[in-house]
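The values are calculated or read from the model by the stated rules, or taken from the named source; none is laboratory data. Treat the numbers as computed from the prediction; the structure is a model and nothing was measured. Note that each Cβ is placed from the backbone with ideal geometry, even for glycine, and that neighbours are counted across all protein chains shown.
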Amino acid sequence: MCLCGLNPAVTTNPTPTAPPAHLTEPYRVALIIIYTVVLLVGITGLTVMISLLKTNIRSLITIAFLNLMVAHFLFLLTVPFRIYYYASQTWQLGQGFCKLVSAMVHIHIYMVFTIYSILLTVRFLHFYKKTQRTEFYRRLHGLGASVLVWCILLIIMLPLVLIQYGHKTIPENQCFKFGDELQDHYVYALNMVLSILIITVSCFQTCIQVIILRQMILKYGATSSSQQEFWVQIKNLSFVLILLTCLVPYHLFRLQYLNNTKDLHQINEVFLAITGLTCFDMLTFTGKSICKVCWT
């Protein structure tokens, strides 16, 4: 029987096409490069810090560094999955895991900011002789304080994650596209408050640090570099600079992004990736000791 007259459109079933990736090529390449650098530098910094960290876990500074290392470690565990997604342009690991990986970068931001703020506050108080004690009475007190900080942050962050993520549906092959969640008035207000808080506190701490350095230079003059306290303040300055270069730009941009999530989504991902560069702090805090590790 001849089927020549049969309309081919009737017998042909069009195959469904997957929705395109939500990142264009320049942004995707930039994100791969940034997160690769973050991963390599972060692993190197953690390795060096573990080999140099003192065993006095009663010291508040040591406890802070330990918590900072834990925050970096948990964040770095999720970075390879981000690189995988930006390289393959598709997500096959489930939306639940996507939400976890997406949330971890924000938890990392707030954990790093909290630890930096605690360290700077303690050192500022110590400089102005408001407190002389920077150690816990017992080791368990230091560990308890760490657990308390993590519990408070998780109690705050987990509800935020549940509120911010998961109410809007996104294509199954895409990830990290939760901008529509910010249209909720409560989520919008909360993100706005957190961004303003981080910007304000960071600028305030910067001003205090500049005042302290100015006082030391006026007091010691040319001999400032020979004073141990001066180099302590220089390390404090590294905290401040990391805040100003990694966290503050993202939250300044976020004030604009919250009002235009669709058009600014791609550049927002780049600013968010830059916050991961806080992992560089592990290398800056080691100071001259890193050279000893390299040669041994």
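For region 64-72, the condition of being modelled with pLDDT under 85 and not in a helix (DSSP H, G or I) holds for none of the residues.
Which pairs turn up if I take residues in region 84-98 that are part of a helix (DSSP H, G or I) and look for partners that are not hydrophobic (A, V, I, L, M, F, W, C) with beta carbon separation below 6 Å, at least 6 apart in sequence or on another chain? Every condition considered, the pairs that remain are Tyr86/Arg28.
Residues being surrounded by 13 or more Cβ atoms within 10 Å (Cβ to Cβ) and among the small types (Gly, Ala, Ser): count how many of those fall in region 221-238. Count: 2. The single condition among (1) under 22 Å from the mean Cα position of the chain (by Cα); (2) assigned to a helix (DSSP H, G or I); (3) crowded, with 16+ Cβ neighbours inside 10 Å; (4) not hydroxyl-bearing (Ser, Thr, Tyr) that Phe176 does not satisfy is (2). Take Thr114 and tell me if it is within 19 Å of the chain's Cα centre (by Cα), among the polar types (S, T, N, Q) and modelled with pLDDT of 85 or more. So Thr114 fits the description; yes.
For every residue, the table says whether it meets (1) hydrophobic (A, V, I, L, M, F, W, C); (2) surrounded by fewer than 16 Cβ atoms within 10 Å (Cβ to Cβ); (3) closer than 21 Å to His265 by Cα; (4) at pLDDT below 75.
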{"position": "Ser202", "(1), (2), (3), (4)": "no, no, no, no"}
{"position": "Arg214", "(1), (2), (3), (4)": "no, yes, no, no"}
{"position": "Lys219", "(1), (2), (3), (4)": "no, yes, no, no"}
{"position": "Val240", "(1), (2), (3), (4)": "yes, no, no, no"}
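Candidates are the residues of region 242-265 that are assigned to a loop (DSSP other than H, G, I, E, B) and of a type in the set (A, V, I, L, M); the one that is surrounded by the fewest Cβ atoms within 10 Å (Cβ to Cβ) is Leu264.
Asn268: surrounded by 18 or more Cβ atoms within 10 Å (Cβ to Cβ) and either farther than 21 Å from Tyr116 by Cα or of a type in the set (Phe, Trp, Tyr) (or both), yes or no? Spelling it out, Asn268 is indeed surrounded by 18 or more Cβ atoms within 10 Å (Cβ to Cβ) and either farther than 21 Å from Tyr116 by Cα or of a type in the set (Phe, Trp, Tyr) (or both).
With respect to being in a helix (DSSP H, G or I) and either under 22 Å from Ser117 (Cβ atoms) or in contact (Cβ under 8 Å) with a residue 60 or more places away in the chain (or both), Ile212 fits the description.
Looking only at residues in region 73-86 that are of a type in the set (A, V, I, L, M) and surrounded by 14 or more Cβ atoms within 10 Å (Cβ to Cβ), the one that is nearest to Thr24 (Cα to Cα) is Ile83.
Determine whether Thr17 is modelled with pLDDT of 85 or more, outside any helix (DSSP H, G or I) and among the polar types (S, T, N, Q).
No; evaluated as a whole, the condition is false for this residue.
Looking across region 215-230, just one residue is touching a Phe, Trp or Tyr at 6+ places or on another chain (Cβ under 8 Å), of a type outside the set (Ser, Thr, Tyr) and without any contact (Cβ under 8 Å) to a residue 12 or more places away in the chain, and that is Gln227. Thr78 - would you say it is at negative phi, at pLDDT below 90, assigned to a helix (DSSP H, G or I) and among the β-branched types (Val, Ile, Thr)? Answer is no for this residue.
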